[in-house]
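Would you mind keeping the following structure in view while I ask a few things?
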Amino acid sequence: FYAGQDQIMLALDREDGQTPGNLAGRLGVRPPTITKTINRLQAQGFLEKRASSADARQAHIFLTDTGREIIHAIEKSVKKTEKQALKGLDKKDQKALFKLLARVEANLSNGEMVLVDDEIDADE
C-alpha cells in the first residue's frame, strides 16, 4: 500500500459506493489525489468504479472481494498488534493511555509544531 490507500479502503468498508468527491471530503484530501489513489487501487484489483445509474458522468467506488479480504486481514493484524501492545496493562491503565494518546493526537492535528528540546526547556 501507498500512504492513504488504507484510509480509502476503510472508508469504503464502512460505506461502500461513495463518490470520489465524497471520499476526498471525508478524508480531507484534494479530489485529484483521491482519483490517483483510486486508480492505483483499481489496478491492484482492490476497488472497482461503477457509473451512477442517475448520472453516467458520476462514478461510485466499491470494494472488490479481494479488497474486502485485504481489509479483514489488516483489521486482524491491527487487533493482534493492539493486544500485544496492551499486554500487562489493566483497564484503568488502558483508559489513561487512550486519553493521553487522544490528547497527543489533538495536539498534532492543530498544526502547531513544538520542538521537544524547546518544550523541555520551558518546563524547567
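Of all residues in segment 10-32, how many are surrounded by 15 or more Cβ atoms within 10 Å (Cβ to Cβ) and either of a type in the set (S, T, N, Q) or outside any loop (DSSP other than H, G, I, E, B) (or both)?
Counting residues in segment 10-32 that are surrounded by 15 or more Cβ atoms within 10 Å (Cβ to Cβ) and either of a type in the set (S, T, N, Q) or outside any loop (DSSP other than H, G, I, E, B) (or both) gives 11.
For segment 55-88, enumerate the residues that are in contact with a helix residue (DSSP H, G or I) (Cβ under 7 Å, 6 or more places away or on another chain) and farther than 29 Å from Ala24 by Cα.
Leu86
Pick from Lys36, Lys79, Lys95: which is in a helix (DSSP H, G or I), more than 17 Å from the chain's Cα centre (by Cα) and either under 16 Å from Ala11 (Cα atoms) or at pLDDT 90 or above (or both)?
The conditions single out Lys95.
The values are calculated or read from the model by the stated rules, or taken from the named source; none is laboratory data. All of these numbers come straight from a predicted model, not from anything done at the bench. Ideal geometry is used to build each Cβ from the backbone, glycine not excepted, and the neighbour counts take in all protein chains shown.
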